[in-house]
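**Student:** Take this structure first; my questions come after.
Coordinate-derived values only; no laboratory data. This structure is a prediction, so every number in the text was calculated from the model and none was measured. Cβ placement follows ideal geometry from the backbone for every residue including glycine, while neighbour counts extend to all protein chains displayed.
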Amino acid sequence: MYAKTSHHGLHFFAHAPGAPHCTLAEETVHHHLLKLELAAAARAAGAHAELEVRGPTGTWRADVLATSVNGSRQIALEAQLSPITRQDTIRRTELMREDGVSAIWFTDRQRPPWLGHVPSARVSLADEHGLLVTDALAKFSEGTWQRGPRVPVAEFLGWIFTGQVIAHRRQAPVTAPLPEWRTVWTAPRYAEGEAAHLAEAQRQLCEQRAAEQQRRTDRLRAAQERDRQRFGTDRSDDHQAAIQALMQRQAALEKPVYDFIRRATGAYPYIDEQPAPEFAMGLPVYIGQHPYGVVCPVASRIPASRTHLAPLVIFVASRREKDRIAAQTRPDQRIVVLEGPESSDGP
């Protein structure tokens with residue numbers, strides 16, 4: 001062994017080349033120094049810190065185990081520089097949580113696959129500030145998450161131990177340059193702000209859908225009245241029932257279609273409330289300014305719009321409706337059946 005000194009002035013021993021085998025000898029100097037820096041930061045934050053602590057059942061081992069002054073909270077500080085899968089970090093985090101220990105994963109790598117999927121932080125070494133958290137903190141403003149400040153690791157850990165900062169699984173979008181991490185570190189007020197924003201957005205969406213449904217009902221009644229005047233009561237009844245069934249299917253599929261596109265593309269689609277002739281009287285679905293799909297087009301109208309519909313996704317409510325529409329489309333037309341009311345034979 002020979003003596004070395006870390007950036008914070010910590011004295012430690014490193015293995016000399018060719019030294020006998022031991023567990024620490026398997027670590028790189030970079031990894032060992034990061035552990036020492038994390039331990040020093042935890043102590044600077046007022047916590048007790050130990051290196052290489054095994055869990056009570058032996059299923060995990062913390063690089064650094066930081067314990068609050070009153071012993072009420074323990075956090076495993078993991079220095080992760082070597083490759084590891086996202087599933088492994090999640091599994092190890094869960095094992096620690098089962099024993100009442102939180103975990104924070106630290107790295108200076110740019111894009112490890114687990115970063116942001118578990119409580120984590122990217123760090124870098126700055127001469128004037130020591131070890132800095134460069135990516136982790138976020139704040140919620142005007143409907144999006146935005147990058148927070150760069151702070152020393154000791155300050156970051158101090159905020160966590162005092163509850164000023166928490167790990168939060170975000171739902172709202174991010175604004176660059178904040179990475180699109182699923183889990184960010186933020187003040188509780190920002191997490192509450194996101195919840196209030198999403199609740200208000202959901203309330204407005206419900207009101208919008210209710211208004212759209214009312215407009216559909218009004219259009220249906222107007223169409224029924226026109227049919228009565230044109231065809232008489234007997235002939236209009238079947239046509240009115242078919243229109244009603246179509247509108248019900250379209251309305252019922254709006255949320256499933258929205259959720260399907262969000263999962264498939266990550267984008268926020270827009271579903272037009274007005275059936276369009278060029279979409280075979282289905283509801284057009286857009287991503288940005290570009291058509292993406294159509295909800296429940298009328299099968300008998302598809303031949304006139306077959307070329308226009310070919311590159312789009314057609315969403316329907318049942319296998320029977322899919323078969324009826326597929327008989328009118330090109331063979332390679334993509335048709336997706338989503339959960340909705342079982343359709344009856346309609347237009």
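**Student:** Given the Cα-Cα distance of Leu95 and Ala201 and 0.36 nm per residue of separation, how much length would full extension add, in nm?
**Tutor:** 34.5 nm
**Student:** Rounded to the nearest 5, what is the percent of antiparallel bridges among the DSSP beta bridges in the stretch 53-144?
**Tutor:** For the stretch 53-144, the DSSP antiparallel bridge percentage is about 55.
**Student:** Related question: Using θ = phi - 60° and the Karplus form 6.51 cos²θ - 1.76 cosθ + 1.60, what ³J(HN,Hα) does each residue of the stretch 278-286 get, whole Hz, x for Gly and Pro?
**Tutor:** Residue by residue, the stretch 278-286 yields 5, 10, 6, 6, x, 8, x, 10, 10 Hz.
**Student:** Ranked highest first by the average count of other Cβ atoms within 10 Å around their residues, in what order do 136-143, 40-47, 290-297 fall?
**Tutor:** With the highest mean Cβ count within 10 Å placed first, the list reads 290-297, 40-47, 136-143.
**Student:** Here's a follow-up. Taking a ≥ b ≥ c as the square roots of the Cα gyration tensor eigenvalues, with a/c under 1.5 meaning rounded and otherwise prolate when a/b beats b/c, else oblate, which class fits the stretch 73-216?
**Tutor:** Values: a/c = 2.18, a/b = 1.87, b/c = 1.17.
Prolate, since a/c reaches 1.5 and a/b exceeds b/c.
**Student:** So if each residue of separation counts as 0.36 nm, and I subtract the Cα-Cα distance between Arg169 and Tyr270, what length gain in nm does that give?
**Tutor:** Contour length minus the Cα-Cα distance gives 33.8 nm.
**Student:** With a cut-off of 8 Å between alpha carbons and a minimum separation of six or more residues, what is the relative contact order of the stretch 246-307 in percent?
**Tutor:** 26 percent
**Student:** Just to be sure I understand the model, the point goes 7 Å from the Cα along the line to the Cβ. What's the resulting Asp88 to His308 distance in nm?
**Tutor:** Going by the 7 Å Cα→Cβ label model, 5.4 nm.
**Student:** Mind listing the long-range amide H neighbours of Val53? Cut-off is under 5 Å, sequence gap 5 or more, other chains count too, H placed in the peptide plane at 1.01 Å from N.
**Tutor:** Ala62, Leu65
**Student:** Set the Förster radius R0 to 41 Å, insert the Cβ-Cβ distance between Val336 and Val69 as r into 1/(1 + (r/R0)^6), and round the FRET efficiency to 0.05.
**Tutor:** For Val336 and Val69, the calculated efficiency is 0.15.
**Student:** Here's something else I'd like to know. Loop only by DSSP, 13 or fewer other Cβ within 10 Å of the Cβ. Give me the trypsin sites (Lys or Arg not before Pro) in the stretch 57-128 that pass, ordered by residue number.
**Tutor:** Arg109
**Student:** Taking H as built 1.01 Å from N, whose amide H comes closer than 5 Å to the amide H of Val165, not counting residues under 5 places away?
**Tutor:** Distant-sequence amide H within range of Val165: Ile160.
**Student:** Between the alpha-carbon centers of the stretch 249-301 and the stretch 82-107, tell me the distance in whole angstrom.
**Tutor:** 40 Å
**Student:** Moving on to the next point. Calculate one ³J(HN,Hα) per residue across the stretch 35-45 by plugging θ = phi - 60° into the Karplus curve 6.51 cos²θ - 1.76 cosθ + 1.60, and present them in order as whole Hz with x for glycine and proline.
**Tutor:** Using θ = phi - 60°, the values come out as 4, 5, 4, 5, 5, 5, 5, 4, 5, 5, 7 Hz.
**Student:** Under 5 Å between amide hydrogens, which residues at least 5 positions from Tyr292 or on another chain qualify, with H placed 1.01 Å from N in the peptide plane?
**Tutor:** Correct list: Val285, Tyr286, Ile287.
**Student:** Pull out the extension gain between Ala210 and Thr57, defined as 0.36 nm times the separation in residues minus the alpha carbon to alpha carbon distance; nm, one decimal.
**Tutor:** Answer, rounded to one decimal: 49.6 nm.
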